[in-house]
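The block underneath contains the structure these notes are about, expressed in structure tokens.
What follows is calculated from the coordinates using simple rules that are stated; it is not laboratory data. Because the structure is predicted, anything quoted here is derived from the model rather than measured. In this analysis, Cβ positions are derived from the backbone assuming ideal geometry, glycine residues included, and neighbour counts consider all displayed protein chains.
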Amino acid sequence: MKLAVSIALASCVAATQEGTTANPIRRVVSMLQAMQKKVEKEGEEQEELFAKFECYCNTNTEKLTASVADGKQKISDLETAIETDTAEKKQVDEELKQHKEERSTANEAVEQATSMRKKDNTAFESEEADLKANLKAMSAAIAAIEKGTSSSFLQSDAGAVFKHIVDTASDDNKQDLEAFLQSGTGENGAASDEIVGILKTMVDEMTERLEEITKAETEAVENFNSLTKAKNEEIAAATEAIEVKTGRTGELAVKIATDSNDLKATTKAVEEDEGYLEELEKTCKSQAAEYEEIKKTRAEELLAIADTIKLLNSDDALELFK
């Protein structure tokens with residue numbers, strides 16, 4: 001009420017100083033009404049501006065809040081993916097190492113088996129050749145003795161082989177065979193029959209030995225082929241697994257690196273958004289408080305003007321300025 005009276009008195013004094021032709025009360029009331037409209041208009045404009053600002057605050061708060069939430073979810077997803085991929089890569093690397101070791105072991109087995117097979121085959125071929133040569137010489141010796149041509153036989157290449165056989169013969173037969181060589185004859189008689197019998201027995205033994213080593217060689221070849229086939233299949237399977245898992249571990253390494261970079265960038269973006277959101281909330285809260293204070297002041301101002309107009313329109317005011 002005191003403010004209204006002060007405004008009324010000040011307005012009336014100003015109106016009186018401007019002139020006395022018009023009723024000063026009316027002039028003051030008109031001035032106050034104009035002021036009232038101006039304040040109300042300014043209030044409407046400010047309210048419109050604040051509504052836009054409030055919309056800006058709400059919209060950006062919503063966007064930033066959603067962005068932070070999405071970012072945190074992405075961070076969680078990336079951390080899980082990195083952890084999972086890292087574990088898988090470790091497992092794949094261990095399997096890759098194992099496949100390489102298996103392939104290396106299989107290759108070594110094939111190399112060792114091949115080396116042993118060559119060695120055994122060389123020994124077989126050597127013994128086989130000796131046995132065949134010996135059998136040929138023995139057969140020739142038997143035929144010569146039976147035909148009575150042992151002397152000429154002993155001068156032949158087969159005879160030289162036969163002499164070598166005698167040198168390596170067992171003690172039981174060696175004496176009789178050496179006697180045959182010294183005499184150079186084996187024509188007729190029990191002695192010739194005995195020598196032929198010894199030689200045929202030796203032929204049987206050599207033939208049996210040849211069959212024995214031939215059978216062993218055949219089995220060894222079969223075993224070697226079976227082993228190398230199995231090992232080569234292992235090598236092929238290990239090689240294929242190595243190629244697949246080498247590719248997989250490479251893919252995982254790239255994915256882990258990409259996700260790690262993405263995680264770093266997303267974490268930074270979330271931190272920035274949280275900073276923007278905090279600053280926005282402070283600014284919006286401060287502006288809202290300031291606007292509320294402005295609204296309060298304007299309301300008081302409009303109330304004072306309205307009270308002043310009411311006061312000036314009263315009978316007392318009219319009586320005072322007659």
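Between Asn225 and Lys296, the contour length at 0.36 nm per residue exceeds the alpha carbon distance by 15.3 nm. In the stretch 73-129, taking the dipole from charged Cβ atoms about the Cα centre, the farthest positive-side position among Thr86, Gln98, Ala129 is held by Ala129.
For Lys295, a cut-off of 17 angstrom between C-alpha atoms picks up these aspartates and glutamates, skipping any fewer than 8 places away in its own chain: Glu40, Glu42, Glu44, Glu45, Glu47, Glu48, Glu54.
Approximating the spin labels as points 7 Å out from Cα along Cα→Cβ, the Lys268-to-Gln33 distance works out to 6.6 nm. Multiplying the residue separation of Val203 and Tyr276 by 0.36 nm and subtracting their alpha-carbon distance yields 15.6 nm.
Rounded to the nearest 0.05, what FRET efficiency do Lys285 and Asp77 give with R0 = 45 Å and r taken as the Cβ-Cβ distance? Could you check? According to the calculation, E is roughly 0.85.
With the simple spin-label model, which puts each label point 7 Å out from Cα in the Cβ direction, the Lys41 to Asn58 separation comes to 2.9 nm.
Seen from Val92, the other residues with C-beta closer than 11 Å to its C-beta sum to a net charge of -1, counting Lys and Arg as +1 and Asp and Glu as -1. Cβ-Cβ distance of Gln112 and Thr84, R₀ of 41 Å, FRET efficiency by 1/(1 + (r/R0)^6): the value works out to about 0.45. The residues neighbouring Thr207, those whose beta-carbon lies less than 11 Å from its own, together hold a net charge of -2 under the Lys/Arg +1, Asp/Glu -1 convention.
What is the Cα centroid distance between the stretch 274-298 and the stretch 82-145, reported in whole angstrom? Result: 88 Å between the Cα centres.
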